[in-house]
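To keep things clear, I will list the structure first and then write my remarks on it.
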Amino acid sequence: MNAMRALCVMFSFLIGLSGADFCSLRVVVTSSGGGEPDVPVIVELSSGRVIKKRYQSGGVEFCDLGIRPVKLVIGNECNKVTLSNVVLTWGELRTVRAIYDFCPVRERMPGTACEILLTARGESGEPLGGAKIHFTQPVPVTYTADKYGRILTGFGFGKGVEGEVSIDGHAPGVFAFRCTQEKPTIETEILLKRLP
């Protein structure tokens, strides 16, 4: 009789597991400033199925998931948060919390100019802080690199950009390129050889 009762209880338990109504996953996102960001939240299942929702205040839920781990992708291209192998348990709501940092906002060059970052480096790749970066074209101007050997500037589209980089103890290095709409962001390193 006890064996029969145990079998009935176990059978009832199995039926309850197979038909339970529950939500699989809740994702709660806060920004580093403490607010709730308006960002996409994507769940990628091992089957290849992708579910995309917009974050809502209090969290976003994905209720019709299975039992295999999923991948979460939170945010836009810049500073995207990715969580792999998020484990789900049948019959339980899994809550995952994430912090999303928005992309830093900085002033960009106007839509008619290239943004140019030049970095002066020594032969072994060390930054040459304090290097002089002298442009001869399109206008003569000289900048002093920061302690990491960098300067950021810009020139109008269609302009040829030429110049020289110098610092004591190294042979000067030259650069030349063209500022175009097809390549509006230019980032280049100029390597300088140490003098004997």
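The figures follow:
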item: Note, ³J(HN,Hα) from phi for the stretch 45-53, Karplus 6.51, -1.76, 1.60, rounded to Hz, x at Gly and Pro; result: 8, 5, 6, x, 5, 10, 10, 10, 9
item: Flagged links, alpha-carbon separation over 26 Å, of Lys80/Lys159; Lys52/Lys80; Lys132/Lys159; Lys132/Lys193; Lys71/Lys183; result: Lys80/Lys159; Lys71/Lys183
item: Residue among Trp90, Gly34, Ser47 farthest towards the positive dipole end of the stretch 13-93, charges placed on Cβ; result: Ser47
item: Charge context of Leu192, other residues only, Cβ under 15 angstrom, K/R +1, D/E -1; result: 0
item: Separation in nanometres of the label points that stand 7 Å from Cα toward Cβ, at Leu152 and Lys53; result: 3.7 nm
item: Charge dipole magnitude, Cβ of K and R +1, D and E -1 - the chain, Cα centre, debye nearest 20; result: 380 debye
item: Global form of the chain, assessed from the alpha-carbon gyration tensor, a/c cut-off 1.5; result: prolate
item: Charge sum, other residues only, whose C-beta stays under 9 Å from Ala171's C-beta, Lys/Arg counted +1 and Asp/Glu -1; result: +2
item: Net charge, Cys63 excluded, C-beta distance under 12 Å - Lys, Arg +1, Asp, Glu -1; result: 0
item: Cut-off under 5 Å, modelled amide H: who pairs with Ala131 long-range; result: Ala145
item: Interchain or long-range residues, amide H under 5 Å from Tyr55's placed H; result: Val39, Val41
item: The stretch 94-191 shape via C-alpha gyration tensor axes, a/c threshold 1.5; result: oblate
item: Amide H contacts under 5 Å for Gly122, placed H, 5+ residues apart; result: Leu128, Leu192
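Here, each number is a calculation from the coordinates, and none is a lab measurement. Just so we're clear, the structure is a prediction, and the values are computed from it rather than from any experiment. Every residue, glycine as well, gets a Cβ built from its backbone with ideal geometry; the counts of neighbours run over all protein chains shown.
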